[in-house]
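The values are calculated or read from the model by the stated rules, or taken from the named source; none is laboratory data. All values derive from a computational prediction rather than experimental measurement. Virtual Cβ from ideal backbone geometry, glycine too; neighbours counted across all protein chains shown. Side chains included, ligands, DNA and RNA excluded: accessible areas come from the protein's heavy atoms. Shrake-Rupley method; radii C 1.70, N 1.55, O 1.52, S 1.80 Å.
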Amino acid sequence: MTPNPSLSGLGFYQVDVFTHEALAGNGLSVFLPDSPLPARLMQRLAIEMRQFESIFLSPDGPGNRFEARIFTMEEELDFAGHPLLGAAGLLHHLHAAGQPSADWTLMLGTRAVAISTTGKEGTPGTYDASMNQGIASFGPVLSHADSLPFLAALGLGPAQLDVRFALQVVSTGLPYLLVPMVGGLERVKIGHPAFEALLATVGAKFAYVLDVSAREGRTWDNAGMVEDIATGSAAGPAGAYLLRHGAAKAGEIITIKQGRFAGRPSRITVQANAAGEMLVSGGVVMLAHGRLL
């Protein structure tokens, strides 16, 4: 196939998110086209990079405002956490390296996401990024009977369910079915042939299994083939869920662990502000820079 001339010289960066250590956390590809690319082309680039998600940034008016589009290897997402935080860390690196902190607005369609970044003193190329995911929305609590098909689809039985809590769909932009567990995260595996369709029956896009006591989570693509290392879009809902059901205290900084089973331990912090908006934060490390030929 003839190379696409619009890709010649296109720059991209690799960054690691939800970590302060390179080659840890959740990897991310960030593309910086001078003008927006066709969706089909962005999708193919995301497949080529084979990260859980890739993000494409284009300047969007004056100031620190950029249009952002996020793709998994299968589809474009309306919202995701680690790509937005990673992109903001990179923007600080490129445009505000001499400043201790900076603020950014990333536009996902008509949704404006505010993100603040801070350079980590003494560690060039390392940043902390925090995003306001807004107020979480809650779906109905699932009954025990309604929960059983989802537990079975995840290879779980009622014994693995934390009986203090119930399955519930929570969203700060991407709806997750929160599955509260008491240990046993190593046993979870998606085994349902049409898991995405099953989730759609309760209005969820993905499932997030959460060991409530350990505050550790796991999630996958809906085919169960690829595990996500650290999921910012699930951390806001998980934090809101813990607060709603009394498993965390108001004002508490909640640390959610993820990625252990993928060999890349990650840490996501979540806190609700006075307005009840979920603030999701994590480290960002610059890893590599390249250009397409």
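Within segment 270-281, not a single residue is over 28 Å from Q14 (Cβ atoms), open to solvent by 60 Å² or more (accessible area, probe 1.4 Å) and in a helix (DSSP H, G or I).
Scanning segment 36-68 for residues that are surrounded by fewer than 20 Cβ atoms within 10 Å (Cβ to Cβ), assigned to a loop (DSSP other than H, G, I, E, B) and over 19 Å from the mean Cα position of the chain (by Cα) yields P36, P38, D60, G61, P62, G63, N64.
Quick grid of which residues meet (1) closer than 30 Å to L85 by Cα; (2) open to solvent by 30 Å² or more (accessible area, probe 1.4 Å); (3) part of a loop (DSSP other than H, G, I, E, B):
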{"residue": "L106", "(1), (2), (3)": "yes, no, no"}
{"residue": "A114", "(1), (2), (3)": "yes, yes, no"}
{"residue": "T117", "(1), (2), (3)": "yes, no, no"}
{"residue": "G122", "(1), (2), (3)": "yes, yes, yes"}
{"residue": "Y127", "(1), (2), (3)": "yes, no, no"}
{"residue": "L148", "(1), (2), (3)": "no, yes, no"}
{"residue": "L151", "(1), (2), (3)": "no, no, no"}
{"residue": "V169", "(1), (2), (3)": "yes, no, no"}
{"residue": "L177", "(1), (2), (3)": "yes, no, no"}
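Would you mind stating whether F71 is in contact with a helix residue (DSSP H, G or I) (Cβ under 9 Å, 6 or more places away or on another chain), over 22 Å from V280 (Cβ atoms), open to solvent by less than 10 Å² (accessible area, probe 1.4 Å) and not basic (K, R)? Give the steps one after another, and end with the answer.
Working: in contact with a helix residue (DSSP H, G or I) (Cβ under 9 Å, 6 or more places away or on another chain): yes; over 22 Å from V280 (Cβ atoms): no; open to solvent by less than 10 Å² (accessible area, probe 1.4 Å): yes; not basic (K, R): yes.
No: the conditions fail for F71.
State whether one or more residues within segment 227-239 are open to solvent by 60 Å² or more (accessible area, probe 1.4 Å) and more than 18 Å from P83 (Cβ to Cβ).
So far as segment 227-239 goes, no, none of its residues is open to solvent by 60 Å² or more (accessible area, probe 1.4 Å) and more than 18 Å from P83 (Cβ to Cβ).
Of the residues examined, L85 is one that is in contact with a helix residue (DSSP H, G or I) (Cβ under 7 Å, 6 or more places away or on another chain), crowded, with 16+ Cβ neighbours inside 10 Å and part of a helix (DSSP H, G or I). Could you list, in sequence order, the residues of segment 14-31 that are buried (at least 20 other Cβ atoms within 10 Å of the Cβ), of a type in the set (A, V, I, L, M) and closer than 14 Å to H289 by Cα? Across segment 14-31, the qualifying residues are V15, L28, V30. Does E186 fit the bill of being charged (D, E, K, R), within 22 Å of V141 (Cα to Cα) and part of a helix (DSSP H, G or I)? Answer is no for this residue. Would a scan of segment 134-150 turn up a residue that is under 20 Å from V280 (Cα atoms) and more than 20 Å from the chain's Cα centre (by Cα)? For segment 134-150, residues under 20 Å from V280 (Cα atoms) and more than 20 Å from the chain's Cα centre (by Cα): absent. Of everything in segment 241-269 that is of a type in the set (A, V, I, L, M, F, W, C) and open to solvent by less than 10 Å² (accessible area, probe 1.4 Å), the residue that is farthest from R164 (Cα to Cα) is I268.
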